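Take a look at the structure below.
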Amino acid sequence: MASADQQQMGFPEAPLYAVHASPSEAFGVLARALETTVERLRLRVLLSKLSLPELTDAIGRGSTTSKARCNATHSVAVLRIAREWGRTERHRVAGHALLMRAGGEHSPVWFAVSDGPYAFWDSVLGHALRHSYPHVSFPSYATADIRAWLTALAHAASVAPDRMRVTGMSLHSRIADPTAERQTQVGRLWTDLSLNFAFDAISAQNAAVKKLQFQAEQNGRLSVAGHIVRDGEIGIQAGFEPLRRAVLEPCTDVAAHRFRQLDNRARVREYGFATRPFFIEFPFPVFDSVTTQARLIEVLQSMPQTSHAVMHANPYVHVSLFDRLEETNCDIYVLSDTRICVVPQTRSSPTALSRLFSHISTEFAEGEVRDYAEVYR
Amino acid sequence: MTEEEYLSAVKRRCDTYERTVQAIGCLKSALCWDDETRMYREECKFASGRRMTPIDSDDLTPDIVVQFGPEHGLVGEVKLTASSEIDFENAETQIKSYDQDLCGWWTDSETIHDHQVACVVDDAHVGPAMRRFGAGEAFDRAFILLSAAVIRAASEFLKFELRIGMFIEERLATKFDPNTLIPLERVWIIEEKKFCDDPPPCPEYTMYVLWFYYFLTLRGGETRLARHDDVQVEQVRVDALEARDFLHQAFSVCGSADAEPRQPSVPRKDWITEALDHFVAIGRGDADATNPDVFWITYNPAAHATDLDDFARQVYRNCPPEWAQDEPREDPQQSLTLGEN
């Protein structure tokens, strides 16, 4: 696939960054590269409604220089991207990444993959992706999702669950001290726990996974190793194929499903200004006291780049929230013990609602998006 | 009245108004929802603020008009703000005007065989209401008194309790024996509205609704540059008539998909212009030089100090209403609450 033309544009000859004909061909090359020449791959799940050329343009705007080549079906692109920053000490980092559509032709889910060093991954590609919001956004996964996927991974890799070891984790948990100014804390732990033991401990602390590192050995060599972050970053050191089946595929499905769940919810003239509410449902009654209602209001008030008006705080919660990043608005109600109800208003977007969902999941409690019709059929 | 007292009074008034709007939305469910089919009954019609015509007097606009079928109906008032003897006396006088044959029903002749009259009051003030209405002797037609209260179990409900009289519609007599609970989560978030036929309690309420829900839809519309305090600002063109039509369709309990001549256009244009005038008074806009319905509002959705509290503070500082300039005293609506916490 590599050509003189490709070299001339600054694209490497390595097969990893060729313009692959399809995502499945790219996956094959990534799997082989991980077995032979590449030590570690990092992959990020992205959400975007853009076409691939539009997507590469949007990402390129967050960098100093960028070039992209797309395949014929606009399902895979190779991106060369560089960024310069710093005033007193000038930095320049450049690298390559693959962008590929995940989950079929009209899926809003994309993968960005690179074998570059962390400086490139975070400060160049990560910077560009973060600055592409709202054209590009990240998903938010729940601890229960991550547990299910890693359990499936152990099975896919033919590893007994207690041989799948959790070697590191970052956890979000609530600060119990009422005098604390912040509500949550993040703890980093290097450890060696079996999968079940680790997740039971997380559950006992009522904590949420931010990042989790895992590995399993068979016959003295790593059969599966990597990490997963709740916002969709996945590191892969070994076991590409089982990870693809047990983690990447469900990651894609969950992200695509939630994106679609939150799409097209504005009150607009075409639909007679009807409301299209949805719920964030929790597995237990979280709003059984006025204290938790007050805590939710604090959490909403702490959401970056929003303004809000608390219309009611008791006996039920009603907060109007305006998202400054996308100029969208919604009303948030608490009218039952187990659910938050979100009523998108005259302007809405799936990315703004995802940002709200992600903020509530991280800072308040992990819930599930459920449509009004699912609850009140 | 201090600024803080004014702010509290504005919030209380807006809260009561919103609860009235909510009660009307929930009454539709209480009176017209079919629990078996889980749909609104097809033969049931519900309207708020509908223009009804008596035989020999001017048109009336009751808070609720319900037609249960070709034969029976109900006409009533939602009086959640009423708390005193005089309030209920006024309510009684108003409801008496509905106690006659009315034209305006959803039939070919616009008449029906019989209708009853009703009043809905706040549960907290049901005592004086019952004393005033007695057994409903003041009315020729069957009268019912309902009380409304927000109650909390595992969910929030609006509880309507039948305090006086009987429904002539048999199915409702069973449903309200003695009360019916409307789950706010099921009903209110679908019926979520901001205006009813009564005027909002203060211009700040309409200012807030315009700012938060309507101006955002004008992004990309006509703008101009203006100077305010030696600063150049961008202003968006707001037409009070267009704003009224938008809010009527999207946020009014009187709104309907079909343009029905008997349905009032709520919010009314003067409520909108009053709010827009207040934006001008607090320095967030200008009136158009030629068209009295057009205003140029300095609208930036990311601007700070733009919620109900902020607007109340700015109104207090720049153009306080007469009632806010009085000596500190109890706000007439201060004691009003709806709910059992």
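Observations on the structure shown:
- Count - residues of segment A:292-306 that are more than 19 Å from A:T328 (Cβ to Cβ) and away from chain B (no Cβ under 13 Å): 6
- Exactly one residue among A:T191, A:T143 is at pLDDT 95 or above, under 29 Å from A:V369 (Cβ atoms) and among the polar types (S, T, N, Q), and that residue is A:T143.
- The set of residues in segment B:213-223 that are more than 11 Å from every other protein chain (Cβ to nearest Cβ) and either open to solvent by less than 80 Å² (accessible area, probe 1.4 Å) or within 19 Å of B:D307 (Cα to Cα) (or both) comprises B:G221, B:T223.
- Every residue from segment A:360-372 that is open to solvent by less than 50 Å² (accessible area, probe 1.4 Å) and closer than 27 Å to B:E191 by Cα: A:I360, A:G367, A:V369, A:D371, A:Y372
- Residue satisfying all of: in segment B:135-159; in contact with a strand residue (DSSP E or B) (Cβ under 8 Å, 6 or more places away or on another chain) and not in a strand (DSSP E or B); farthest from B:Q100 (Cα to Cα) among these: B:A154
- Candidate set from segment A:247-279 (those that are farther than 30 Å from A:H227 by Cβ and in a helix (DSSP H, G or I)); member that is nearest to the other protein chains (Cβ to nearest Cβ): A:R269
- Among (1) under 30 Å from B:R171 (Cα atoms); (2) in a loop (DSSP other than H, G, I, E, B); (3) in contact (Cβ under 8 Å) with a residue 40 or more places away in the chain - the single one B:G73 does not satisfy: (2)
- Residue count for segment A:12-48, restricted to those that are free of Cβ contacts under 8 Å to residues at least 60 places away in the same chain and in a loop (DSSP other than H, G, I, E, B): 7
- A residue that is charged (D, E, K, R), at pLDDT 90 or above and open to solvent by 30 Å² or more (accessible area, probe 1.4 Å) occurs somewhere in segment A:59-67.
- Top-ranked residue of segment A:307-341 - restricted to ones that are more than 10 Å from chain B (Cβ to nearest Cβ) and either free of Cβ contacts under 8 Å to residues at least 60 places away in the same chain or open to solvent by 50 Å² or more (accessible area, probe 1.4 Å) (or both), ranked as farthest from A:F357 (Cα to Cα): A:A313
- Segment A:342-355, residues that are open to solvent by less than 30 Å² (accessible area, probe 1.4 Å), within 7 Å of chain B (Cβ to nearest Cβ) and more than 25 Å from A:V290 (Cα to Cα): A:Q345, A:T346
- Test: B:V121 is open to solvent by less than 20 Å² (accessible area, probe 1.4 Å) and within 14 Å of chain A (Cβ to nearest Cβ): no
- Flag for B:A240 being more than 27 Å from A:I332 (Cβ to Cβ), of a type outside the set (S, T, N, Q), in contact with a helix residue (DSSP H, G or I) (Cβ under 8 Å, 6 or more places away or on another chain) and crowded, with 17+ Cβ neighbours inside 10 Å: yes
- Subset of segment B:170-196 [surrounded by 20 or more Cβ atoms within 10 Å (Cβ to Cβ) and closer than 20 Å to B:G69 by Cβ]: B:L172, B:T180
- Positions within segment B:16-36 being within 11 Å of the chain's Cα centre (by Cα) and surrounded by 20 or more Cβ atoms within 10 Å (Cβ to Cβ), in sequence order: B:Y17, B:E18, B:R19, B:T20, B:V21, B:Q22, B:A23, B:I24, B:G25
- Residue satisfying all of: in segment B:143-161; in contact (Cβ under 8 Å) with a residue 24 or more places away in the chain and open to solvent by 40 Å² or more (accessible area, probe 1.4 Å); farthest from the other protein chains (Cβ to nearest Cβ) among these: B:F157
- So B:E242, is it modelled with pLDDT of 95 or more and within 13 Å of chain A (Cβ to nearest Cβ): yes
- Of everything in segment B:70-96 that is open to solvent by 10 Å² or more (accessible area, probe 1.4 Å) and more than 18 Å from B:V121 (Cβ to Cβ), the residue that is modelled with the highest pLDDT is B:H72.
- Any hit, segment B:40-53, residues being assigned to a helix (DSSP H, G or I), in contact with a helix residue (DSSP H, G or I) (Cβ under 7 Å, 6 or more places away or on another chain) and buried (at least 22 other Cβ atoms within 10 Å of the Cβ): no
The values are calculated or read from the model by the stated rules, or taken from the named source; none is laboratory data. Model, not experiment: these values are computed from the prediction. Because the Cβ atoms are built from the backbone with ideal geometry, glycine has one as well, and the counts that use them run over all protein chains shown. All accessible areas refer to the heavy atoms of the entire protein, side chains included, with ligands and DNA or RNA removed. Shrake-Rupley method; radii C 1.70, N 1.55, O 1.52, S 1.80 Å.
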